[in-house]
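Asks: Starting off with a structure, shown below.
The values are calculated or read from the model by the stated rules, or taken from the named source; none is laboratory data. Predicted model only: the values in this text are computed from it and were never measured. With ideal geometry, Cβ positions are generated from the backbone for all residues, glycine too; neighbour counts draw on all protein chains shown. Ligands, DNA and RNA are stripped out before the accessible areas are found, and what is left, the full protein with its side chains, is counted by its heavy atoms. Shrake-Rupley method; radii C 1.70, N 1.55, O 1.52, S 1.80 Å.
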Protein chains: 4
Amino acid sequence: MNKNRLEAFSDGVLAIIITIMVLELKVPHGEDLSALARLLPVFMTYVLSFVYVGIYWNNHHHMLHATRRISGAVLWANLHLLFWLSLLPFATGWMGENHFASAPTALYGGVLLMAAAAYTTLQHTIIVADGRESLVKRAVGADRKGKVSLVFYAVAIPLAFVLPWISSALYVSAALMWLIPDRRIERVLGERDAESSEHPT
Amino acid sequence: MNKNRLEAFSDGVLAIIITIMVLELKVPHGEDLSALARLLPVFMTYVLSFVYVGIYWNNHHHMLHATRRISGAVLWANLHLLFWLSLLPFATGWMGENHFASAPTALYGGVLLMAAAAYTTLQHTIIVADGRESLVKRAVGADRKGKVSLVFYAVAIPLAFVLPWISSALYVSAALMWLIPDRRIERVLGERDAESSEHPT
Amino acid sequence: MNKNRLEAFSDGVLAIIITIMVLELKVPHGEDLSALARLLPVFMTYVLSFVYVGIYWNNHHHMLHATRRISGAVLWANLHLLFWLSLLPFATGWMGENHFASAPTALYGGVLLMAAAAYTTLQHTIIVADGRESLVKRAVGADRKGKVSLVFYAVAIPLAFVLPWISSALYVSAALMWLIPDRRIERVLGERDAESSEHPT
Amino acid sequence: MNKNRLEAFSDGVLAIIITIMVLELKVPHGEDLSALARLLPVFMTYVLSFVYVGIYWNNHHHMLHATRRISGAVLWANLHLLFWLSLLPFATGWMGENHFASAPTALYGGVLLMAAAAYTTLQHTIIVADGRESLVKRAVGADRKGKVSLVFYAVAIPLAFVLPWISSALYVSAALMWLIPDRRIERVLGERDAESSEHPT
């Protein structure tokens, strides 16, 4: 089974998610700059969510590049990830329109937590499908970044009912941590290419 | 005629269908969790429809992987399937907003029935185009799952006017039946690969 | 310059056009079947426009399959076609909501006319780019279907202000004429494949 | 790392941006042509923005065709460009609905300026990733067109608060300047093909 269609479908869904989020930025009725100022919180959540979808696309791209076999379980683990990411526009809109109020901020963290858990599951499913010499396994290693983000989101959810701005700060911090591109997979792929040029098949 | 563009176009349409359904989940005006609770029926229908589109994408992916020839009839049978699936967001929204009332639940079943019939037609058209040694034909066999789902939907439609919750239960059951990945095609493809490695061309 | 990205981008735009048209089918507030009945004209225009976008996708698919060279002019002629097709959801919505009133029916014909003219231009641009041995040129021949549709749309526009239902009948007739797949290009491609198997390169 | 998925994802996002802009053209309630006339300013901004997205797609297509290496920085520079372009539907809607008033016209220029700056950054990042023999570098040369557009947008923004119609004229002029396809990259690619046919590898 080839992975091209899996990538194409995921690209399509991610491209639509990233673009329909901007529909929450509703064209204001006034024509002066103050009408724009009122949209600032919605705009800020849009930027945050855009960056998150960008991070997922980026990591998904790297992970699938290193993937060798697509099993039926991988197809469904991938759809499961896309499901949670498809709720991001809703969570973004609710948080933005309510100026980072408690419940919306907690829900946003909940969606991030479920998406991160779904990504970890997809990663695991790919490693199982690829078997012993899985490149993804080697690349991911202890997956420290993945575990730290899960903790960040899990802490931010209850905290949103006490200090919502700290929850938002945690979401921003986790995003910044991921913005640094995942060099682990690039490194391992580099090693593979080096090996295969030594022992050409 | 190559099948890449058929797959790409179908992926595009399915990706958009799966994502615009989430637009029915309208951002609530209140900022507390009770505002969210009222969205529960809409959310549940979204989950159901997401799973259905996922199943169609999955089976479509497998079927086209085993397809050898794309005729003009296959192109139109595919568009016919996409047409019925494109009505799923509408049917989903109507059923969700009316909390599984009779007419919306019947319509949902109608769309599922027409989509399933269109899928069967597409399957048949591909088998005809591929001719005698059609891999899809061998893989589909008696198509028991396909026939059972058609019966489920056909029964659920009139039933929706008497016991709508049983209709919903039938939709969920049919989805669960399909969630088990279609191993038939994977098995036959495996056999082909085994054969071709024995008699290389 | 490769034609893959041109096809991918066109597929994306056509897939979105075909899917956002369904957003005009707004979820009704009532929960009985009579609420559905009121949507019938909107549904009928949706079916018509779905078929039209399907025809364009189909013919575009065939034409680009037979295309050899993509010039800068071809890129822009293609975008020009996509521009007019992107107005189809608007024209569809206006005609459907006003139950085939005069001005909306005329506008619908205007969009069809411009899209057909843009398709003819794209066809011509591809023939020029491919030069003397253009397969598309051989396949298109006298382009009788293309010319007949242009006449149908041009007649339907003024007629909409007198007998709008005849205009609608003309749109349906032109669509039916195209639904028969374009065997001309398939035939010429078949000849090419036959030739190249005689004189293998 | 292969560039196919980068192109596919960008195509998806650009296709959606170009198509959701048309959603701002809301179906009017009246059924006569005067209802259409009121939409003229919205339609004109739609045409302008369609042309701009078309230009970006076209240049992006050419630039990536000449690109050899995709680094992590290129992925993010590309997402950064897509971010600014994703704000175009919003800016288009605001300018169209307010009939080219000062603040919306300035914002439109601001989005164009940021997108143009992001394109320049992407170009630079690709040149850095490709290293000394970068084809993109040779093709871009002094990038006169790019610099002139940046000046046009930068001048148009403050001008919008004094003479908004001149700002609009500047946006149209910059678009016309780009409509002429970027022959520089085609020329350099032609040279490369000529070279490689002389010294085949």
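Asks: State log₁₀ I(q)/I(0) for region B:1-73 at q = 0.20 Å⁻¹ as given by the Debye formula over alpha-carbon point scatterers of equal weight, solvent excluded.
Replies: -0.87
Asks: Per residue, what volume in Å³ does the convex hull of the Cα atoms of region A:83-140 enclose?
Replies: 75 Å³
Asks: Please work out the average accessible area per residue across chain D, using the 1.4 Å probe convention, and give it in Å².
Replies: 41 Å²
Asks: While we're looking at this one, here's another question. Principal axis extents for the protein assembly as shown, Cα atoms only, whole Å, descending order, please.
Replies: 66, 66, 63
Asks: Output, in nm with one decimal and in ascending order, the distances from the C:His124 label point to the matching label points of the other copies (7 Å from Cα along Cα-to-Cβ).
Replies: Values, ascending and in nm: 4.4, 4.4, 6.2.
Asks: Next question. Please work out the FRET efficiency for the pair A:Arg68 and C:Arg68, using the Cβ-Cβ distance as r and a Förster radius of 30 Å; give the result to the nearest 0.05.
Replies: With a Förster radius of 30 Å, E is 0.25.
Asks: Calculate, for B:Val47 and A:Leu40, the FRET efficiency according to 1/(1 + (r/R0)^6) with r their C-beta to C-beta distance and R0 30 Å; round to the nearest 0.05.
Replies: According to the calculation, E is roughly 0.35.
Asks: Could you check the spin-label model distance between B:Asn2 and B:Leu33? Points 7 Å from the Cα along Cα→Cβ, value in nm.
Replies: 5.3 nm
Asks: If you don't mind, another one. Using just the helices of chain C, give the 222 nm mean residue ellipticity in deg cm²/dmol: DSSP H runs with n ≥ 4 each add -39,500 (n - 2.57), and the total is spread over all residues, rounded to 500.
Replies: -25500 deg cm²/dmol
Asks: While we're on this one: How much space per residue, in cubic angstrom, does the convex hull of the C-alpha atoms of chain C take up?
Replies: Measuring per residue, one finds 126 Å³ for the Cα hull of chain C.
Asks: Other chains' Cβ within 10 Å of B:83-91 residues: what's the mean?
Replies: If you average over the peptide's residues, the count of other-chain Cβ atoms is 4.
Asks: Another one. Output the peptides D:108-120, C:24-36, C:117-129, B:158-170 sorted from most to least packed, where packing is the average of other Cβ atoms within 10 Å over each peptide's residues.
Replies: Listed from highest to lowest mean packing, they are D:108-120, C:117-129, B:158-170, C:24-36.
Asks: Hey, any idea what % of the protein assembly as shown's accessible area is carbon plus sulfur with a 1.4 Å probe?
Replies: 66 percent
Asks: Determine the shielding of peptide C:40-52 by partner chains: average, over its residues, the number of Cβ atoms on other chains within 10 angstrom of each Cβ.
Replies: Across the residues of C:40-52, the mean count of other-chain Cβ atoms within 10 Å is 1.
Asks: Be a star and scan region B:1-38 for residues whose amide nitrogen sits under 20 Å from the point 7 Å along the Cα-to-Cβ vector of C:Leu23.
Replies: Under 20 Å, as judged by backbone N against the label point of C:Leu23, lie B:10-29 of region B:1-38.
Asks: I would also like to ask the following. If you average the sequence gap of Cα pairs under 8 Å that are 6 or more apart and divide by the length of chain C, what percent do you get for the contact order?
Replies: Taking the mean separation of contacting Cα pairs over the length of chain C, I get 24 percent.
Asks: Compute the acute angle (0 to 90°) between the alpha-carbon long axis of helix C:164-179 and the principal axis of greatest extent of the alpha-carbon atoms of chain C; round to the nearest 10°.
Replies: Around 30 degrees separate the two axes.
Asks: Where the centroid of each part is defined by its Cα atoms, how far is region D:76-133 from region A:75-125 in Å?
Replies: Distance between centres, Cα-based: 27 Å.
Asks: List the residues of region A:1-32 for which accessible area in the full set of protein chains is at least 40 Å² lower than for the chain on its own; 1.4 Å probe, protein heavy atoms only.
Replies: Residues losing area: A:Met1, A:Arg5, A:Phe9, A:Asp11, A:Ala15, A:Ile16, A:Thr19, A:Ile20, A:Val22, A:Leu23, A:Val27, A:Glu31.
Asks: Under the Kirkwood approximation applied to all pairs of distinct alpha-carbon atoms, what is the hydrodynamic radius of region A:29-132 in Å?
Replies: 15.3 Å
Asks: Specify the angular offset, from 0 to 90 degrees and rounded to the nearest 10, of the alpha carbon long axis of helix C:88-97 from the longest principal axis of the alpha carbons in chain C.
Replies: Value to nearest ten degrees: 20.
Asks: Checking an interface number: how much accessible area is buried between D and A, summed over both chains, with a 1.4 Å probe, in Å² rounded to 100?
Replies: The buried area between D and A, both sides summed, comes to about 3000 Å².
Asks: Between D:Asp143 and C:Val128, what is the FRET efficiency for a Förster distance of 25 Å, r being their Cβ-Cβ separation, to the nearest 0.05?
Replies: Efficiency computed from Cβ-Cβ geometry: 0.25.
Asks: By how many degrees, 0 to 90 and rounded to 10, does the Cα axis of helix D:144-159 deviate from the longest principal axis of chain D?
Replies: 20 degrees
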